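Colleague: Take a look at this one; I'll ask things after.
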Amino acid sequence: KDANAALLSNFEVYQLLTDLKQQRKESGKTKQSSGQQNLEKIMYETLKYISKTPCRYQSPETVREFLVAMKDHKLTK
């Protein structure tokens, strides 16, 4: 499947953003371009919003179980 055309769950977005935040914290602070600052702001706002949703408490197993359970319903995008 085309990785660029895949849909992400809120859990996957939350996990990705928290991992990126941790990596940036570990790498130390460096001077950033305005484009990087804009990206930081978008990441911050998205993480702030998505942290208030139930995805914060999900796990990869629960997402997998849900997808398996919904497979029989043949839903489309």
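Colleague: Quick one: how many lysine pairs in the chain have C-alpha atoms under 18 angstrom apart, if they're 8 or more apart or on different chains?
Modeller: 13
Colleague: Ignoring ligands and nucleic acids, what accessible area does Thr46 show with a 1.4 Å probe (Å², nearest 10)?
Modeller: Accessible area of Thr46: about 50 Å².
Colleague: Place a point 7 Å from Cα of Arg24 in the direction of its Cβ. Which residues in the stretch 51-67 have their backbone N less than 20 Å from it?
Modeller: Residues passing the 20 Å test: 51-53, 56.
Colleague: Could you check the simple spin-label distance between Met43 and Leu7, using points 7 Å along Cα→Cβ, in nm with one decimal?
Modeller: In this crude label model, Met43 to Leu7 measures out at 2.7 nm.
Colleague: Oh, and also: Just to confirm a number: summing +1 for Lys and Arg and -1 for Asp and Glu over residues other than Leu20 whose beta-carbon lies under 13 angstrom from that of Leu20, what do you get?
Modeller: Result for the neighbourhood of Leu20: -1.
Colleague: While we're looking at this one, here's another question. Working from the pairwise distances between different alpha carbons, so that the mean of 1/r is found and then inverted, what is the chain's Kirkwood radius in Å?
Modeller: Its Kirkwood hydrodynamic radius stands at 14.7 Å.
The values are calculated or read from the model by the stated rules, or taken from the named source; none is laboratory data. This structure is a prediction, so every number in the text was calculated from the model and none was measured. Note: ideal-geometry Cβ built from the backbone for every residue, glycine included; neighbour counts use all protein chains shown. Calculation scope for accessible area: heavy atoms of the full protein, side chains included, ligands and nucleic acids excluded. Shrake-Rupley method; radii C 1.70, N 1.55, O 1.52, S 1.80 Å.
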